[in-house]
Amino acid sequence: MTRKNPMPELLRHWREAVPDDRLAHLIRDVARAQMRALQLRLAEHGVSFGHWTFLRILWLKDGLTQRELSELAGVMEPTTFAAVKAMEQMGLVERRQLAGNRKNMHVFLTRAGRALEKKLVPLAEEVNHVSVAGSTEAQLQAMRQFLLLMLENLAADAAGQPPA
């Protein structure tokens, strides 16, 4: 079964229907398109996008508790539990308690989980390259600075402070 490509309709929406719609909607649609492009690539390796999120975190810091992993991924603990259990069945992670701490369950990458980093990270890099093709380095730097400014303003707003 082939999937319908939503991109032509999405582009038409932004170019014709609502070219000046809110920036938040455009950012969301770009993020969704990037995630979809990565999902398609990850699926070829039997990895879901949800598992990718946890693997990325563990590649940076292995041995986190399930609670820490939930917090860093920005998801609820039951979601993390289900994902970790599935990744454990796939042989990508293992859960174990550390000596002297029987309360917390820590999540560790297996050799197979660690090895996926060399296969999957280039896929994400490819999606990034595809999505910015045709842009200049100056445009990329300006966009990064602008998006960081937006994040800083929203963080200030969440803390009850005025934006920059």
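Starting from region 31-45, take each residue that is small (Gly, Ala, Ser) and list its partners that are assigned to a helix (DSSP H, G or I) and surrounded by 15 or more Cβ atoms within 10 Å (Cβ to Cβ), counting only C-beta distances under 6 angstrom and pairs at least six apart or across chains.
Ala37/Val127
Provide a single number: the residues in region 129-146 that are assigned to a helix (DSSP H, G or I) and either on the phi > 0 side of the Ramachandran plot or touching a residue at least 12 places away in the same chain (Cβ under 8 Å) (or both).
Number of matching residues: 2.
What are the residues in region 98-120 that are without any contact (Cβ under 8 Å) to a residue 24 or more places away in the chain and in a helix (DSSP H, G or I), if any?
Arg111, Ala112, Ala115, Lys118
Identify the single condition in (1) over 22 Å from Ala43 (Cβ atoms); (2) in a helix (DSSP H, G or I) that Pro163 does not satisfy, given that it satisfies every other one.
Every listed condition holds for Pro163 apart from (2).
FYI, it's all coordinate maths here, none of it is from the lab. Here the structure is a predicted model, which means the values were calculated and not measured. Cβ atoms come from the backbone with ideal geometry, glycine included; neighbour counts cover every protein chain shown.
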